[in-house]
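Note sheet for the following structure.
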Amino acid sequence: MEKYIPNMYKKSIYDINYKKLKQMGMKYLFFDLDNTLISYLDNIPTDENIKLFNKLNKMGFKCFIFSNSNNKRLIPFKEKLNVEIFTGSMKPLKKNYKKIIKKYDKDKCVFIGDQIMTDVIGAKRNDLYVIFVDRIDDREPIYTKFWRFFERIILKKYKKQNKLIKGKYYE
């Protein structure tokens, strides 16, 4: 399980040190959508989202949304945040990660998400850099709650090993 520990853990996407990522040579930022960028119940980007993505674009990052959600859900984000989208990503399966690795230098990619079972494990299985963030909202669909059950078990194990403790953020 040690292989699946995120490289960085932050409270939210707004607490990430993007300057540090730039200094590390990172170029591509892949964001999960639900409970990473916005609440599961929201359907359009917030003003805060728009401001952050404008800043990231000015910094020279190429931004993406890499989500298990469908195309219809992601279109407003593509348009308002000026990002490319990967829909129906089937995280944590390797298939769609491999498409990205073929197209982009994997050593310059960062994956950002709020779930250990899908976002972190999916990216780490492909040896990618991962930033884990706290979820925005406790309200989630039933299939996400299913994954959260297993996530709690893993987080308990990580805490026992002093590897990742919820609320104890690190870079």
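The values are calculated or read from the model by the stated rules, or taken from the named source; none is laboratory data. Fair warning: this is a prediction, and the values are worked out from it, not measured in the lab. Here Cβ is always computed from backbone atoms with ideal geometry, including for glycine, and neighbour counts include all displayed protein chains.
Say we look at the stretch 104-150 and pick out the residues that are surrounded by 18 or more Cβ atoms within 10 Å (Cβ to Cβ) and of a type in the set (Asp, Glu); which of these is nearest to residue 27 (Cα to Cα)?
The extreme case among them is 119.
In the stretch 135-148, what count of residues is obtained for those that are over 16 Å from residue 119 (Cβ atoms) and either in a helix (DSSP H, G or I) or in contact with a Lys or Arg (Cβ under 6 Å, 6 or more places away or on another chain) (or both)?
Residues meeting the conditions: 1.
Test residue 27 against the criterion of being touching an Asp or Glu at 6+ places or on another chain (Cβ under 8 Å) and either under 22 Å from residue 165 (Cα atoms) or small (Gly, Ala, Ser) (or both), and give yes or no.
In short, no.
Considering only residues of the stretch 56-78 that are over 18 Å from the mean Cα position of the chain (by Cα) and surrounded by fewer than 12 Cβ atoms within 10 Å (Cβ to Cβ), which is nearest to residue 23 (Cα to Cα)?
Only one residue fits best here, namely 60.
Kindly list the number of the only condition in (1) in contact with a strand residue (DSSP E or B) (Cβ under 8 Å, 6 or more places away or on another chain); (2) at pLDDT below 95; (3) surrounded by 13 or more Cβ atoms within 10 Å (Cβ to Cβ) that fails for residue 29.
The failed condition is (2).
Somewhere in the stretch 160-171, is a residue closer than 14 Å to residue 37 by Cβ, at pLDDT below 95 and either charged (D, E, K, R) or in contact with a helix residue (DSSP H, G or I) (Cβ under 8 Å, 6 or more places away or on another chain) (or both)?
no
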